[in-house]
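First up is the structure itself, then whatever we jot down about it.
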Amino acid sequence: MLINRRAMLQESALGFGSLALTSMLCDEAHAKERASLDRSQLHHRPTAKSIIFLFMSGGPGQTDTFDPKPALSKLDGQRVPDSIAATVPSIPRSGVDSKLFGSPFSFDSYGASGIPVSSLFPHTAKMVDDLCVVRSLNHRVPVHGPGECIALTGTGVGDRPSMGAWMNYGLGSESEDLPGFMVFLSNVTGPPPQLPGWGAGFLPARYQGTLVDGNKGVPYTEMPGGYTESNRRRQLDFINEMNRRHLQRLGPDSELEARISSYELGYRMQASAPEVFDLSKESAQIHELYGLDQKETSEFGTHCLLARRLVERGVRCIQLRNGGWDAHSSLKSNHLNGGKSTDQPIAALLGDLKQRGLLETTLVVWGGEFGRTPTIEGTRTGASRGRDHSPAGYTMWLAGGGVKGGRIIGATDELGYVPMERPLTPADMHATLLHALGIDQHRLSFNHNNREEIATVFGGEVIQDVFG
Amino acid sequence: MNSRRDFFGPSPSVSRIGLALIVFGSVAAYSPTHADDSTGSLDALANQSVVAFDAFDYSLGTMRGADGGVGWKQSWRWSRVAPAVVAAQPSTSPNALQRSLLIQGTGTRNNPLRRELREPLTRKEVFVRFDLHYRDVPVNNPTKIDPEFFVLWLDRLDGGDRATHASNVPNIGVHLADRGPKKGKNVFMVRIGPAHTAWSKIELQANRTYQVVGRLSKSGDGARADYDRFDLWVDPMPVDIGSPAATVSGAQSIGIIQWIGFATGLKTEPTDRIHVTNLILGKTWQSVVHTSATLIAAKDSPDHDGVVWDKPVDFKRDVYPLLKSRCFECHSGEKPESGYRLDVHRELLGYSSGEVLAEPGRSRASRLVEVISAKSDEHRMPPDGAEPLAGEQIAMLRAWIDQGLKWDDKLLPPLKVESDHWAFRPIPRAEVPVINNVEWARTPVDTFIAKAHAKAGLQHAEQATPNTLVRRLYLDLIGLPPTPKEVDAFVKDDSLEAYEHLVERLLDSPHYGERWGRYWLDLARWAESQGYQHDFVRPYAWRYRDYVINSFNKDKPYDRFLKEQLAGDELQPYSDDNLVATGFLGAARISGNQEDDGIQRNDVLVDIVNATGSVMLGLTLECAQCHNHKFDPVSQRDYYRLQAFFVKGQLGNLSLRESGVSNPTDLERWIPKPAHDYYAKEVKSLAKKRLFAPTEKPHTWGYLSAETGDPGIERYPVVNRRPIPWRPMVLKDAEARMLVRGDVSNPGPQVRAGWPEVLGATPSSLGERSRSALADWMANPYNPLVSRVWVNRLWQYHFGRGIVETASDFGVEGAEPTHPELLDWLATQLIDNGWSTKHIHRQIVLSSTYRQARKHNEANAVIDPNNKLYWRWPRRRLAAESIRDSVLVATGELDRSLGGVSIPPETEERNLRRTIYLFQQRSAMPSVMEMFDAPTGIASCSRRSVSTVALQPLFMLNSKFMARRATALAKSVMEVAGNEMDRQITVAFQRTLSREPELDELAIARTILGSENEDSPSSSRLMQLCHALLNLNEFVYIP
């Protein structure tokens, strides 16, 4: 009669327990697509198991966050000195012809490292000794959509796999019950989220990020009316039994077996996902820590707390996209809002991971698709002053996952326009993230259109000095 | 929003007129070998007082190597909108060798060329001079000259291709006077922003050369002071320094000059011709007046090391041994280093790559000479510390070039592009094999398959059961499962030709086109939106979807099908249907935030060429955009020759005009609400800028050539953040140029439309309508690819894998055919039977090969584990669309109406139509399509992957859509079966699996329906059973 489903699954050629959920399917046509790595065969010793990418969409201004420029304040209201203007690459809307705009935020040095952080981030500032601040990122695309694609996929066109998909492809998920790459969107105002940012590009679709609603959890995990735990179980047993008979009639078939397993995995995901997303088990202190009790911080705080819970369960890559940083006007109030809604949750995440010993193996990355000009956009005055996009020089930071904290890499000129020291590209950042996970960017490849594609197709070198 | 300003400021509303100008060089004769005595004014000034100059002594046409002159940081940067080209001086010129810069109008603001100075200029006084000639072109009216005409500007920034300078940038040139004695005339002028403009009294006249001189100066001191005064002279005498023709002063300006360039105005036309030469920047009046850049150039750069080769060069004796010993090791043969090939004459001329290495008579501009005589080790050839060529050797090579670049064809014969790769060879007429197992063979297809079976020692599978066959045929041919009634009708049909009749009926079904048209839509990367960041909808793109479906239903000959899609706008007599067919070309994405029109346009052209190449020719051409194909005999030139077919057209909303064309205008009915709101907002904003006006006239989304398109077709504007412009004059005049290294800003030689050389020579004339000629060439029976590629696709869509597994790559690196003769036989059948797709279906579907059961055979599996030789029916999961459609057939809810506008998700429940009709926005595809591997319309998709992830069962079990279907199925089962449990199970099986349950299956189904499941009411239990059946592998795989 009904066979024991576990026994059946163990019999199957797949033995899913040893395989990553997302790398389940195998058949002759897709043999080439199989993840080329498992953790025992990494290219080198990883320093991180998971990555949390805090993507600040719209582009926080570098001179208002982690790259203080006293000269900018001194020259506030004046024109860009020719010596600096001459070094600004010719990018549309680089704003060199408008007036300089000293940051409305003050900076203080924090921690043993004394890294300066603006008044936007009082909580993150306390963790500054864990941060490696990279002040010299730059690229040449001053538009959100392509910029986001560059930041997350490496090129602006949007047809290549996202970094998360590459990681998922290379390593799979450590979790048996959850997708290896999950994406959360918060404060979706301003430029719309770019699908390629978590898409699979030419990689098989199963490596793409799963877009998750922070309140509802993994999609389709809620059973429709009429179902209970027990009748769903009975239904799945029926499906499995019918599928098994079907398989027996047809003979061995890995794709059909994979589909059989997927029901069991889906069931487990359905069972475990609500648990992951149920934050009621977290203590009041944790709720408070992440700011779930306050209006401004509750959305992003929830995502940060979920990110920690997902890391605990072995999810490989978590992308938290926070919108609204596109401060063309009223930069002060815009960034104050951004800071208020993200600062406490981010600090809580770092602290919480650290306290649980997870920060050592979790790489946290912060940054947008570009920074902002040191000048005013247009001719606004007073509180309505804002800044235009500036990909020519901007800041990101990394923490945990083998990153040596309390360090600054790279430097922009005295106004924060372009990197003067150690210019780095998004591709360098991508190579670095892959490296932290034990992946050699040159060796993780996928055959597409008879070409061995790699994640960093336009170059990019590991930023070795971020690691200890 | 930001500080960008028009270069020209607000334009007076003067009517648009044409004009033609030529600017050309001055007096001095130039010859590369003798730069003898100089005029008195030259002497040491050339080196000391001249800041920068350029004589434009470059190869004709191409921009490559435009880095001559002195005082510059880098080579000229060229506009992608309408690049300036190097041209000979007009025939009035005293010296034919003298070159000038030809600048064309574009009807848009353009920055045709600009260049960065080596050092930023901040000195108190700067002189600038250039010569300009304006030629009368009869078609235009030379008495009316455009107000926004032509200037030279000086700025700190390069301004981009569209001349987006700040308003306070100095410029000097010709402009319409809006006040003063010459009001309404085109006069020479200087200005620093619109508020500070000074018009001279000198009117621009045709066919005259003008020497234009300006002095830019600062009243204040220091590097940061503004250049606040600009004086102008036209054709000055040396004594005129005290009496400029016009002066502006007191302007707020810039204090530093790092870039200079030329700009043309909004109202210039493509027929406008402006020639410029003798550009000089100097510190003194004398350094720019009454001299010439050519003379300075001649003074400035003596021949290398003073070595001169004045004897005739003999290629065989002098050149060949040198090239052979020093260059050929890397730069010869099929895969030369960096793509530079020196053993083929035409490659020196830039034939396949667009990069001209040497041009007869012009060693000065030769890239070859440049690299062999480079001073730095890093840039010099031969590389890596090799001994540089001797001065005499360099002189000899220069002389060789200047003496005409003679070649010895016997020694180094011209290259013949040919290949013995199977797919590029003509299709042989394949003989149908004679086999032993004759009784098994139903169509000739079987003989080819049986022959391979016999050779490999395989045993074919038995024929599948009638229940299996009927379900297979329905799912495969129309993408819908049969209803129990239809199953019954077939199973009970005892006639000998029951199977054949069913095949005919299904091929005749209007649902056939919905299934097979979808494959074509995948190939055509079709979707109903622009793509990229904003992804605005294309409200009438659905017409192409219907065109494709109808074409399949009508069994439109495949050659005709291609022709309509490649050339539908130019085919005569005109038909709406043909125009809608250009939706294939129109399916290219358009970026809404590509700030550079040239790149935006090139991206579209690249998309079109890549899709055409892969879909129709089965060639991966993408890589030849930047370099010769690494594996296939396809050159970069081939790529741009294909692109040349499409350069005169543009995508857009195109008018339809036949009576009775359906023309719904209530967009909100078929466009998903968020997308519609976003679109409506953009429409408002564009309408405000007069860039868009909604029209109620019927139209479609497609491609229109400004030159060959039917003149009755109207093109309506496009809704996008940066609507792709429609400039018929520019398009008509558009030249196809190779892009050196694929770089839009580096156009190479012009190319003529043509197909890849390896596939045969393109005739010298393609007639007036070149795209029609392209389509005719594709349909030529001697074309080795088109028919093979199509029958292979059909085979793949029936069996899940093509005879050539890489269905869109028939190139050298593509897969070998498993049954080459069968492929050729099918291709010949296609051509011989009027390119009938349905004829090929019959050959395949009626075969015994196709009718095999999916039955495992251990012995076969050892020999051919992947069933490449078809010893059984292959496993094939349903496509996303078929999964949803099958569910709707099972529940009886499917609305089978055909065609028309799409269905937005919010009305899906009220319009349960086939999935192909759900609105397909690239960034928001219907969830079932996203879930089950449907492509997103970004690039052509020749074969969908099959992924199996845990979210799929969750979707199938928990989504609202599936929950509703399960309820509906239960209800309809109940209607037929009442409350009797076994009867319910039987009916549910028939509805979902096209068969009755086995006895033991009845038993296990009762575990859901029966008392074991007491926590649910009986109606819910039936729902659970139905829901389960819709989840079975048997349901989602073609049996």
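On full extension of the chain, what length is gained from residue A:355 through residue A:87, given 0.36 nm per residue of separation minus the C-alpha to C-alpha distance? Could you put the intermediate results ahead of the total?
Details: separation 268, 0.36 × 268 = 96.48 nm, distance 4.43 nm.
Length gained between residue A:355 and residue A:87: 92.0 nm.
At 7 Å along Cα-to-Cβ for each site, give me the label-to-label distance between residue A:228 and residue B:67 in nm.
Taking the two extended label points, one gets 8.0 nm.
What list of ³J(HN,Hα) couplings, whole Hz, do you get for segment A:143-158 from phi and the Karplus terms 6.51, -1.76, 1.60, once you set θ to phi - 60° and write x for glycine and proline?
With coefficients 6.51, -1.76 and 1.60, one gets 10, 4, x, x, x, 5, 5, 5, 5, 10, 10, x, 10, x, 7, x Hz.
Starting with the fewest neighbours, write out B:396, B:931, A:269 ranked by other beta-carbon atoms found within 10 Å of each beta-carbon.
If I rank by nearby Cβ atoms, fewest first, I get B:396, B:931, A:269.
Of A:74/A:126; B:406/B:648; A:99/B:73; B:455/B:855; B:182/B:684, which pairs sit farther than 32 Å apart, going by alpha carbon to alpha carbon?
Checking Cα-Cα distances, B:406/B:648; B:182/B:684 exceed 32 Å.
Specify whether the C-alpha gyration tensor of segment B:780-905 places it in the rounded, prolate or oblate class, a ≥ b ≥ c being the square roots of the eigenvalues: rounded for a/c under 1.5, otherwise prolate if a/b is larger than b/c and oblate if not.
Cα axes put segment B:780-905 in the oblate bin.
Count the net charge of all other residues whose Cβ sits under 9 Å from the Cβ of residue B:517, scoring Lys and Arg as +1 and Asp and Glu as -1.
+1
As a test of the definition: which semi-axes, in Å, follow for segment B:479-611 when you take the square root of five times each eigenvalue of its alpha carbon gyration tensor? Largest first, please.
38, 17, 11
Over the Cα atoms of chain B, what radius of gyration and what Dmax do you get, in Å?
Calculated on Cα positions, Rg and Dmax stand at 35.2, 116 Å.
Pull up all non-local amide H partners of residue B:275: gap of 5 or more, or a different chain, and H-to-H distance under 5 Å with H placed in the peptide plane.
Those lying under 5 Å, H to H, from residue B:275 are B:22, B:23, B:103, B:133.
Can you give the Rg/Rh ratio of chain A, where Rg is from the C-alpha atoms and Rh is the Kirkwood radius?
Working: Rg = 23.5 Å, Rh = 23.2 Å.
A ratio of 1.02.
Set the bar at 25 Å for Cα to Cα. Now go through B:451/B:868; A:340/A:404; B:554/B:673; A:332/B:689; B:554/B:732 and name every pair that lies beyond it.
On the way: B:451/B:868 14 Å; A:340/A:404 27 Å; B:554/B:673 34 Å; A:332/B:689 31 Å; B:554/B:732 35 Å.
Violating the 25 Å limit, Cα to Cα: A:340/A:404; B:554/B:673; A:332/B:689; B:554/B:732.
With a ≥ b ≥ c taken as the square roots of the eigenvalues of the C-alpha gyration tensor of segment B:775-830, please select rounded if a/c is under 1.5 and otherwise prolate if a/b is larger than b/c or oblate if it is not?
Here segment B:775-830 falls in the prolate category.
Using the Karplus equation 6.51 cos²θ - 1.76 cosθ + 1.60 (θ = phi - 60°), what ³J(HN,Hα) coupling, rounded to whole Hz, does each residue of segment A:418-435 give in order, writing x for Gly and Pro?
9, x, 9, 10, 6, x, 10, 10, x, 5, 4, 4, 4, 4, 5, 5, 4, 4
Kirkwood hydrodynamic radius (Cα pairs, Å) of the protein assembly as shown?
Computed over Cα pairs of the protein assembly as shown, the Kirkwood hydrodynamic radius comes out at 35.6 Å.
Quickly work out the residue A:268-to-residue B:976 label distance, labels modelled 7 Å from Cα along the C-beta direction, and quote it in nm with one decimal.
So the label points at residue B:976 and residue A:268 sit 3.8 nm apart.
Rounded to the nearest 0.05, what FRET efficiency do residue B:1003 and residue B:944 give with R0 = 22 Å and r taken as the Cβ-Cβ distance? Could you check?
0.05
In terms of the Cα gyration tensor, with a ≥ b ≥ c the square roots of its eigenvalues, is segment B:559-684 rounded because a/c is under 1.5, prolate because a/b exceeds b/c, or oblate?
The shape class here is oblate.
Would you grab the residues whose amide H sits under 5 Å from the one on residue B:748? Only those 5+ places off in sequence or on another chain, please, with H modelled 1.01 Å from N.
Residues meeting the criterion, in which the H sits 1.01 Å from N, are B:738, B:739, B:740.
What's the Cα-based Rg to Rh of segment B:917-1039, Rh via Kirkwood?
With Rh from the inverse mean 1/r over Cα pairs, Rg/Rh is 1.05.
Determine ³J(HN,Hα), in whole Hz, for all residues of segment B:369-382 in sequence, where each value follows from phi through the Karplus function 6.51 cos²θ - 1.76 cosθ + 1.60 and θ = phi - 60°; x replaces Gly and Pro.
5, 4, 7, 7, 10, 4, 6, 8, 4, 5, 9, 8, 10, x
Label residue B:465 and residue B:964 with points 7 Å out from Cα along Cα→Cβ: what is the distance between them in nm?
3.5
Between residue B:868 and residue A:295, take the C-beta separation as r, use R0 = 56 Å, and let me know the FRET efficiency to the nearest 0.05. Display every interim value, and only then the final one.
Values: r = 62 Å, r/R0 = 1.11.
E(calc), rounded to 0.05, equals 0.35.
By DSSP, what percent of the beta bridges with both residues in the protein assembly as shown are antiparallel, rounded to the nearest 5? Let's see the in-between values first.
Values: 110 of 137 bridges.
The antiparallel fraction comes to roughly 80 percent.
Taking neighbour counts of Cβ atoms within 10 Å as a proxy for exposure, in what order, fewest first, do B:955, A:66, B:149 appear?
So the residues, fewest neighbours to most, are B:955, B:149, A:66.
Looking only at segment B:694-736, which residues have a backbone nitrogen under 11 Å from a spot 7 Å from the Cα of residue B:768 in the C-beta direction?
Backbone N within reach: B:708-711.
Just need log10 I(q)/I(0) for segment A:67-226 at q = 0.19, 0.21 Å⁻¹, Debye formula, equal scatterers on the alpha-carbon atoms, no solvent, rounded to two decimals.
Results for segment A:67-226 at q = 0.19, 0.21 Å⁻¹ read -1.24, -1.28.
Please quote Rg/Rh for segment A:314-465 to two decimal places, taking the Kirkwood radius as Rh and restricting both calculations to Cα atoms.
That ratio equals 1.01.
Can you list the residues, at least 5 places off or on another chain, whose amide H is less than 5 Å from the amide H of residue A:395, using H built in the peptide plane?
Amide H neighbours of residue A:395: A:62.
Counting each DSSP H run of 4 or more residues in the protein assembly as shown as -39500 (n - 2.57), what helix-only mean residue ellipticity at 222 nm follows after dividing by all residues, to the nearest 500 deg cm²/dmol? Don't skip to the end; give the middle numbers.
Details: 46 runs with 460 residues, N = 1507.
So the calculated ellipticity at 222 nm is -9000 deg cm²/dmol.
Quick check on segment A:112-153: what does the Kirkwood estimate of hydrodynamic radius come out to from the alpha carbon pairs, in Å?
12.7
Roughly what % of Cα-Cα distances in segment A:394-468 sit above 14 Å, to the whole percent?
The proportion of pairs with Cα distances above 14 Å equals 65 percent.
What does DSSP give for chain A in terms of the percent of beta bridges that are antiparallel, rounded to the nearest 5?
Values: 24 of 49 bridges.
Counting DSSP beta bridges with both partners in chain A, the antiparallel share is about 50 percent.
Near residue B:714, within a Cβ-to-Cβ distance under 9 Å, what is the net charge of the other residues, with Lys and Arg +1 and Asp and Glu -1?
On the way: positive: B:657, B:697, B:715; negative: none.
Net local charge, residue B:714 excluded: +3.
Just so you know, all these numbers are worked out from the coordinates, no wet-lab data involved. Model, not experiment: these values are computed from the prediction. Here Cβ is always computed from backbone atoms with ideal geometry, including for glycine, and neighbour counts include all displayed protein chains.
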